[in-house]
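In what follows, a structure is listed as structure tokens, so that the remarks can point back to it.
The values are calculated or read from the model by the stated rules, or taken from the named source; none is laboratory data. Computed from a prediction, not measured in an experiment: that's the story for all the values here. We place every Cβ from the backbone using ideal geometry, glycine too, and count neighbours over all the protein chains shown. Only protein heavy atoms, including side chains, enter the accessible area calculation; ligands, DNA and RNA are left aside. Shrake-Rupley method; radii C 1.70, N 1.55, O 1.52, S 1.80 Å.
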Amino acid sequence: MSKNTPKSDTSLDRRSVLRGAGALALTALVPVTTGTALAEPPHAQGRPRPLRKSNRVRDAYKYRVKMAKMAAQRPLFENVSNGDEDNLEHFVGNYSKALPHDSLGHVDPAAYAALVKASHSGKNNDFDQVPLGLGRKLTSAQAALAFELQGCDSHHSYMPPAPAFSSAEEAAEMVELYWMSLCRDVPFTEYATNPLTQAAMAEIGALPDYRGARAGDGLVTPPVLFRGLEYGCSVGPYLSQFLWQDVPYGAQVISQRSQTVLPGIDYLTDVDSWLAVQNGADPRGTDIVDPVRRYPRDLRGMGRWVQIDALYQAYLNACLILLGQKAPFAAGIPSTQSVTCEGFVDWGAPHLMALVCEVSTRALKAVWYHKWNVHRRLRPEEFGGRVHNHLAGRSSYPIHESVLNSQAVSQVFSQYGTYLLPMAFPEGSPTHCSYGSGHATVAGACTTILKAWFKEDHALAHPVVPNADGTALEPWEGDPLTVGNELNKVAANIGIARNGAGVHWLSDYYQSLRLGEYVAKTVLEEQKPSYNQSPTFEFTSFDGHHVTI
């Protein structure tokens with residue numbers, strides 16, 4: 001079956017949300033008592049009398065069934081991997097971190113087989129039988145099997161196959177990652193003049209299979225280097241206002257000066273430490289922290305930001321900033337239309353703030369299915385081990401020559417004496433598969449909610465940029481920065497910051513933003529009929545299309 005061929009709307013296999021609906025129709029309308037501890041709880045003035053009939057109960061039940069049918073009738077697409085797991089020896093194109101490895105960093109085949117068996121069977125006992133290396137645990141490997149009660153089920157979402165291990169596209173993404181590691185300490189404001197970023201633009205721009213941002217003439221230029229492909233991302237400063245402006249948080253005001261780490265310190269650049277981390281060594285918390293808090297102004301600062309953030313943090317901050325500026329809601333939000341009611345429980349700040357956080361866990365369940373049950377893509381640090389083995393003559397792999405002949409790889413070797421990808425974190429990547437990115441999926445979902453709520457063309461008040469050392473903010477004097485552009489930018493900033501730290505690929509961020517957008521869209525579709533009013537949700541997609549719900 002083609003990955004783009006929808007299955008029948010009634011093809012729900014084992015995860016059918018309607019299985020047993022006939023039985024539910026009876027039991028939903030009859031009070032259920034499962035034990036004296038929960039049946040008819042005593043009250044001070046007597047016991048409540050259970051009702052046998054209620055129009056409200058019937059209406060609630062009908063709504064839930066209707067939404068379950070809506071979810072079941074969405075087009076269902078077949079998710080397929082890029083084939084590396086079946087086509088490459090030693091599973092060198094797939095994620096295996098925290099499992100036992102040999103001296104070359106090749107996974108123990110029995111351990112990898114146990115992981116695949118567990119992901120296919122879904123049995124908790126099978127996950128408990130997966131052998132680990134030095135003890136670091138796999139991250140939420142069973143989250144892929146959790147159901148979601150609103151919005152699309154994780155298995156009812158789609159991501160295209162990741163670029164294959166030997167492809168020119170994967171090679172171009174890896175060349176970009178080597179350059180990002182070399183440019184971590186270059187301020188965003190110096191991209192036009194710094195020799196490292198100038199060399200990066202020249203080499204990356206010459207790669208025909210590089211799918212990142214390019215200028216109108218097809219070149220990689222300072223305004224687009226390491227920036228997102230989403231509309232508005234190239235307007236104004238590199239980072240979004242939502243990563244710099246003060247955050248009004250009730251009676252508090254939170255400065256966004258952040259903890260960062262000292263420049264020039266990278267990790268996993270020697271074979272011994274790299275191999276230990278692949279086997280599950282856990283050096284988390286050994287970073288050398290800058291004693292001065294600074295506003296993020298380079299890839300290293302943003303790397304620290306996305307290393308220890310709460311996943312929906314940037315978007316809750318954005319929500320609070322917009323509410324604090326009294327940014328106007330979109331026309332379809334009911335509180336903008338009522339002449340007698342203002343929003344609070346619904347269509348007000350508590351509703352919106354909760355929803356921004358709410359969609360994040362749904363986004364995570366969706367992307368965790370793709371990570372563990374479909375793609376199992378290797379992390380860039382694992383690919384860097386293959387590059388080192390190949391160029392050092394320790395082993396041979398079908399790696400595209402554009403990586404092997406890269407100026408960035410040569411420069412890394414000159415600096416560190418190996419071809420390993422320099423990592424921003426001492427522990428390298430997390431212990432879950434690379435494709436897609438959890439941070440980017442959450443970013444896509446949360447910013448979609450905000451774009452559906454606020455007028456996207458509204459200009460933000462008091463735009464700012466950091467000073468040279470990141471210790472203070474200065475006014476931004478350029479063109480107006482709009483809500484829609486800056487929300488897209490913050491989503492891309494967070495996703496790409498994970499790339500800059502060496503833990504994700506370009507396609508991880510790009511495809512995951514769109515997965516998160518889809519998750520948020522399905523949540524809004526199912527919530528829309530639940531309200532007493534008639535909301536209309538409108539937003540511009542990451543690809544620039546107008547969406548109406």
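Points to keep in mind about this one:
- Protection-proxy order for peptides 523-536, 92-105, each taking the mean of Cβ atoms within 10 Å per residue, highest first: 92-105, 523-536
- For the pair the range 346-395 and the range 89-120, the centres of their Cα atoms are 19 angstrom apart.
- Percentage relative contact order, the range 413-549, counting C-alpha pairs under 8 Å, at least six apart: 33
- Nearest-ten-degree value, helix 380-391 long axis tilted from longest Cα axis of the chain: 20
- When +1 charges are put on Lys and Arg Cβ atoms and -1 charges on Asp and Glu Cβ atoms, the dipole computed for the range 356-465 relative to its Cα centre reaches about 320 debye.
- Alpha carbon centroid spacing (whole Å) that separates the range 471-506 from the range 52-75: 41
- Contact order relative to length of the range 271-425, as percent, for alpha carbon pairs under 8 angstrom and 6 or more apart: 22
- Rounded tilt (10° steps) of 483-500 against the dominant C-alpha axis of the chain: 50
- In this structure, residue 528 and residue 198 have a Cβ-Cβ separation that, at R0 = 35 Å, corresponds to a calculated FRET efficiency of about 0.10.
- For the range 431-549, the residue among 544, 446, 473 whose Cα projects farthest onto the positive side of the dipole built from Cβ charges is 446.
- Here the peptides 289-296, 338-345 are ranked by packing, the mean other Cβ count within 10 Å, and the order with the highest first is 289-296, 338-345.
- Secondary-structure-derived ellipticity at 222 nm for the chain, considering helices only, amounts to -11500 deg cm²/dmol, per-run term -39500 (n - 2.57) for DSSP H runs with n ≥ 4.
- Each part gets one Cα centre, and for the range 531-549 versus the range 168-184 those centres are 36 Å apart.
- Gain upon complete extension [residue 54, residue 404; 0.36 nm per residue less C-alpha separation]: 119.0 nm
- Placing +1 on the Cβ of every Lys and Arg and -1 on the Cβ of every Asp and Glu, with nothing else charged, gives the chain a dipole about its Cα centre of roughly 2560 debye.
- For the range 486-549, the solvent-accessible area works out to 27 Å² per residue, with a probe of 1.4 Å and every protein chain left in place.
- The range 212-327, relative contact order [Cα under 8 Å, separation at least 6], %: 27
- Per residue solvent-accessible surface (Å²) - the range 292-440, probe of 1.4 Å: 33
- Å² of accessible area per residue within the range 99-150, as computed with a 1.4 Å probe and no ligands counted: 52
- The P(r) of the chain has a tail past 41 Å containing 26 percent of all C-alpha pairs.
- Whole-percent carbon and sulfur share, accessible surface of the range 56-156, 1.4 Å: 52
- Magnitude of the charge dipole for the range 394-549, about its Cα centre and with charges confined to Cβ atoms of Lys, Arg (+1) and Asp, Glu (-1), is about 440 debye.
- J(HN,Hα) series, the range 338-353, from Karplus relation 6.51 cos²θ - 1.76 cosθ + 1.60, nearest Hz, glycine and proline x: 6, 8, 10, 10, 9, x, 7, 4, 10, 6, x, 4, x, 4, 5, 4
- Stretching residue 110 away from residue 309 to a fully extended chain increases their span by 68.1 nm, per 0.36 nm per residue minus the current alpha-carbon distance.
- Simple label model, 7 Å out from Cα along Cβ direction - residue 546 to residue 331, nm: 0.9
- Angle in degrees between helix 313-324 and the longest Cα principal axis of the chain, rounded to the nearest 10: 60
- These residues, 179, 368, go from largest to smallest accessible area, 1.4 Å probe, as 368, 179.
- Simple spin-label estimate for residue 139 and residue 462 gives 3.5 nm between the two label positions (7 Å along the Cα-to-Cβ direction from each Cα).
- Label-to-label distance, nm, for residues given as residue 411 and residue 166 (7 Å Cα→Cβ offset): 3.0
- Lys/Arg +1, Asp/Glu -1 at C-beta; the chain dipole; positive extreme among 277, 163, 484: 484
- Segments 180-192, 486-498, 140-152, 422-434 sorted - mean Cβ within 10 Å per residue, highest first: 486-498, 422-434, 180-192, 140-152
- R0 of 30 Å, Cβ-Cβ distance residue 123-residue 65: FRET efficiency to nearest 0.05: 0.50
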